[in-house]
């Protein structure tokens, strides 16, 4: 068993000579997650985690083999245990997927750094795989094959992550809104006058829109609309699989 996988699954490992007493993987990961929650992912480093715990950076390497391993450990710890959605009937898959996506979004809201954290490979952690298993159980009996189920997983995960990162930035870029800090340090929205109909026939309508402004500014509404579009596509694929 590779040592990094053993640590990820908290399997017993041979104690290394000289490993400081009172320090373990859970303490290192918990400190790193707390640091990211408080100061953002960019603030996390093995040096800072070590300082938080009162140990040296070299002591960290006795419990976490590399920076990439720490990222994987942090992500699996932060996402936490998978939600219990029960055993949904085959025709209740839409409700199940909606709940799954909403639960994941809630987790990302608690750990804002988690959504934009770079992927370092396929899911390997127990919590991450448990979330995958819950979604696959929702799709059980739908008639979708494994490739289609994995595509649903990827589409929903991507949508939830984007809803926590790209969507707010896009909303902020497109339209002004009350209460925003318009200091020179911020990137101000493009004035509608610059987005003319001759060059941008459709985008100009969006920039000139006023009736839909409130809805566009609502991240929850943007999330729900995107989710509905994905689920409509899943419904069409399930219908085709059952024919």
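FYI, it's all coordinate maths here, none of it is from the lab. This is a predicted model, so every value here is computed, not measured. Glycine also receives a Cβ, built like all others from the backbone with ideal geometry; neighbour counts cover every protein chain displayed.
Brief remarks on what is shown
- Arranged from fewest to most other beta-carbon atoms within 10 Å of their beta carbon, 238, 230 become 230, 238.
- Projection of the Cα convex hull of region 3-79, averaged over all directions and equal to a quarter of that hull's surface, yields 4.7 nm².
- A crude spin-label estimate for the pair residue 221 and residue 124, with each label 7 Å from Cα along the Cβ direction, gives 4.4 nm.
- Segment residue 95-residue 192, length gained on full extension (0.36 nm per residue, minus Cα span): 31.0 nm
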